[in-house]
Structures are given as C-alpha cells and as structure tokens.
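First the structure, in the form of structure tokens, and then the observations on it.
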Amino acid sequence: MSAEPILEIREVTKTFGGILALNRLSFNVYQGDVLGIIGPNGSGKTTIVNCITGFVKPSSGRIFFRGKEISGKPPHKIADMGVARTFQIMRPYYSLPAYKNLVIPLFSPRAKRTGGWRGGGKLGDRNTVSIDILEEIGFERDSYVPYKMASSLPTGYLKRLELARCLALKPDVILCDEVFSGLSMSEIASMVPLIERLQMEGITLVMIEHRLRELFRVANRVVVMNFGEKLTEGTSDEVMADPRVKEAYFGSEEISEVMTYA
Ligand code: ADP
Ligand code: MG
C-alpha cells in the first residue's frame with residue numbers, strides 16, 4: 001500500500017434541506033485497498049459515494065483523486081478519470097440484452113483510450129469485448145445468458161452486470177454500493193473470489209456493505225459511519241471490538257449479525 005491516498009475525502013458535509021446527511025466526513029482510500037464502509041441505514045454511505053462520483057455536490061469540503069480535486073466535477077468527468085461506481089438500486093438498460101449494456105460504456109472516451117478491462121489500449125469489436133468482460137465476471141460465455149434481456153436477469157446477474165459496466169471503463173477505483181445485498185449465500189460466495197481477483201488486478205475497491213461477515217472476508221480496512229460522521233476506522237476486528245459500533249447498530253436489522261460477529 002502506498003502512502004499517498006488515491007482518494008482523499010476531506011471534511012465533506014452534505015445537507016438535504018434540513019437533513020444533515022454527511023457531517024465533516026474525512027477518510028482516505030489507498031491504492032490497493034479493499035475499504036469497507038459500514039453503518040446503520042441512513043448513516044450517509046450512499047451519499048458519500050454520490051459525492052465522490054459527482055452525482056451529488058458536497059455542501060462543503062473537498063474530495064481529491066490522485067491529488068486532483070474532483071469535488072464539483074460532473075459524473076462523466078470523474079468516471080473518465082477512472083473512478084467507477086455501482087448503484088445500490090441497479091440501473092441497467094432493461095430493454096437491452098446484457099452484453100449490449102456494456103457496448104454503451106465501451107463507446108465512452110475512457111474505454112476508447114484504454115480498450116476496456118484488459119484491453120491494453122486496443123479496443124476490438126465492442127460486442128466481443130462485452131462478452132469477454134461478462135465472461136470474466138461470471139456469465140457463462142457459451143450460454144444464452146449474455147444475450148438475455150437485462151429485464152429478465154435475476155438479481156445475482158444484475159449485480160454482476162453493474163460491476164461489468166464499471167470494468168468496461170478500465171477503472172482505477174470502483175465504489176460498490178451494496179453489491180452483495182439481495183444475493184443468496186452461494187451467490188455471494190461466488191462473488192468473493194471475483195472481488196479478490198479485481199484487487200489482484202490492481203483495482204482499488206470501496207465496498208459499502210450490510211453483509212458484514214462477507215465484507216470482512218475481503219476488506220483490509222473498515223470505516224464505520226453513523227449519523228453522517230465517521231464513528232471509527234480500523235481493521236474489521238478493531239472496529240467490531242469497539243462498543244460504540246454495536247451501540248450504533250442497536251435496533252437495526254443487522255444487529256444480530258453484528259452481535260454474533262466474533
Ligand atoms: P445510507 O446509504 O447509509 O443508508 P443515505 O446516504 O442514503 O444513507 O442517506 C443519508 C441521509 O440522507 C438519510 O437521512 C436520507 O434520507 C437522506 N438523503 C439521502 N439522499 C437524499 C436526497 N436526495 N434528498 C433528501 N434526503 C436524502
Ligand atoms: Mg445506501
């Protein structure tokens with residue numbers, strides 16, 4: 001891990017009307033991290049992803065990517081720099097086949113420059129590249145699945161499609177907003193090696209997760225949020241040993257998982 005942060009979140013505040021969604025939130029993401037962000041519902045996790053990726057403008061504070069300020073830039077500029085994201089509520093083009101969902105990001109300037117994941121600067125036939133990426137991410141190449149309409153894909157495949165859409169940009173960082181939610185234990189189990197592979201490929205990952213047990217298998221560091229603030233950060237063992245973390249989760253649906261984590 002290098003000492004220079006790849007992403008630096010500095011004192012970011014976001015208000016929506018009277019709601020303080022983020023309150024002077026600061027943390028760093030380092031190259032090669034799989035950084036977990038956890039916290040009860042409504043603690044501001046999606047909002048910080050929205051701020052980092054330009055979908056929401058911070059009310060105050062600054063965000064840097066490789067030392068360059070990105071706060072205030074529009075989403076397509078930030079994505080073009082190499083910061084990709086998935087959506088908690090999946091956003092495929094439902095009326096297109098799965099592989100065509102990737103053809104669209106493959107027309108982006110960044111994909112043209114990079115060739116897409118493993119493109120090595122050369123973008124071949126976009127349909128073929130799309131199928132290549134889908135295969136990498138767990139769509140059986142010789143099956144009909146890559147050709148199915150996105151609207152008919154089960155959640156497990158749609159979550160993978162969200163990740164595949166990011167890979168089409170050959171990103172440096174992917175922010176994953178609850179990619180495990182709605183998946184069965186066996187589907188998650190099959191996603192974990194994929195996450196590990198992305199990390200080995202040199203992609204830095206920020207993972208917002210409710211599924212703590214599965215998250216802790218892959219995350220080297222965890223930031224805990226509560227009421228828009230950073231409650232604590234550290235390794236999974238460190239943060240789970242902090243009584244304030246259990247207190248923050250008290251009464252929420254994940255409480256049993258937090259309580260039984262040991
Ligand atoms: P999390 O992802 O941790 O569940 P969010 O970031 O979605 O939390 O939400 C943090 C707080 O900000 C919540 O109180 C939520 O209702 C509020 N919020 C988020 N987005 C908006 C918005 N677009 N307009 C108004 N309030 C919002
Ligand atoms: Mg959320």
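With 97, 74, 109 as the choices, which residue is assigned by TED's automatic domain parsing to the domain that holds residue 197 and either under 23 Å from residue 183 (Cα atoms) or not small (Gly, Ala, Ser) (or both)?
Details: 97 fails: assigned by TED's automatic domain parsing to the domain that holds residue 197; 109 fails: assigned by TED's automatic domain parsing to the domain that holds residue 197.
None of the other options fit; the residue is 74.
Of all the residues that make up region 215-226, how many are open to solvent by less than 20 Å² (accessible area, probe 1.4 Å) and over 15 Å from the mean Cα position of the chain (by Cα)?
2
Counting the residues of region 220-241 that are of a type outside the set (D, E, K, R), within 12 Å of residue 26 (Cα to Cα) and touching a residue at least 60 places away in the same chain (Cβ under 8 Å) gives 5.
Quick check, is residue 32 open to solvent by 10 Å² or more (accessible area, probe 1.4 Å), assigned by TED's automatic domain parsing to the domain that holds residue 237, assigned to a loop (DSSP other than H, G, I, E, B) and within 12 Å of ligand 1 (Cβ to nearest atom)?
Judged against the criteria, residue 32 is not a match.
Answer yes if at least one residue in region 44-63 is in contact with a Cys (Cβ under 9 Å, 6 or more places away or on another chain) and among the charged types (D, E, K, R), and no otherwise. Yes, that holds for at least one residue. Among the conditions (1) touching a helix residue (DSSP H, G or I) at 6+ places or on another chain (Cβ under 6 Å); (2) open to solvent by 20 Å² or more (accessible area, probe 1.4 Å), residue 196 misses just one, which is (1). When you look at residue 53, is it away from ligand 1 (no atom under 12 Å from the Cβ), open to solvent by less than 70 Å² (accessible area, probe 1.4 Å) and not assigned by TED's automatic domain parsing to the domain that holds residue 248, yes or no? Criteria not met by residue 53. Would you be able to tell me the number of residues in region 128-148 that are among the charged types (D, E, K, R) and under 22 Å from the mean Cα position of the chain (by Cα)? Residues meeting the conditions: 3.
From the list 244, 217, 160, the one residue that fits, being in the same structural domain as residue 123 (by TED's automatic domain parsing), without any contact (Cβ under 8 Å) to a residue 60 or more places away in the chain and either in contact with a Phe, Trp or Tyr (Cβ under 7 Å, 6 or more places away or on another chain) or of a type in the set (D, E, K, R) (or both), is 160. Considering region 85-102, the residues that are open to solvent by less than 50 Å² (accessible area, probe 1.4 Å) and not aliphatic (A, V, I, L, M) include one that is farthest from residue 38 (Cα to Cα), namely 97. Among all residues of region 170-187, there is at least one that is open to solvent by 10 Å² or more (accessible area, probe 1.4 Å), in a helix (DSSP H, G or I) and touching a helix residue (DSSP H, G or I) at 6+ places or on another chain (Cβ under 8 Å). Scanning region 119-147 for residues that are within 13 Å of residue 166 (Cα to Cα) and of a type outside the set (A, V, I, L, M, F, W, C), which turns out least open to solvent (accessible area, probe 1.4 Å)? Within region 119-147, the match that is least open to solvent (accessible area, probe 1.4 Å) is 130. Of the candidates 202, 182, the single residue that is touching a residue at least 40 places away in the same chain (Cβ under 8 Å), small (Gly, Ala, Ser) and not assigned by TED's automatic domain parsing to the domain that holds residue 103 is 202.
Picking from residues in region 46-82 that are in contact with a Leu (Cβ under 8 Å, 6 or more places away or on another chain) and within 16 Å of ligand 2 (Cβ to nearest atom), the one that is nearest to residue 112 (Cα to Cα) is 53. When 229, 254, 201, 238 are screened for being modelled with pLDDT under 90 and surrounded by fewer than 19 Cβ atoms within 10 Å (Cβ to Cβ), only 254 passes.
The values are calculated or read from the model by the stated rules, or taken from the named source; none is laboratory data. Because the structure is predicted, anything quoted here is derived from the model rather than measured. With ideal geometry, Cβ positions are generated from the backbone for all residues, glycine too; neighbour counts draw on all protein chains shown. Quick note on the areas: whole protein, heavy atoms, side chains included, nothing else; ligands and nucleic acids left out. Shrake-Rupley method; radii C 1.70, N 1.55, O 1.52, S 1.80 Å.
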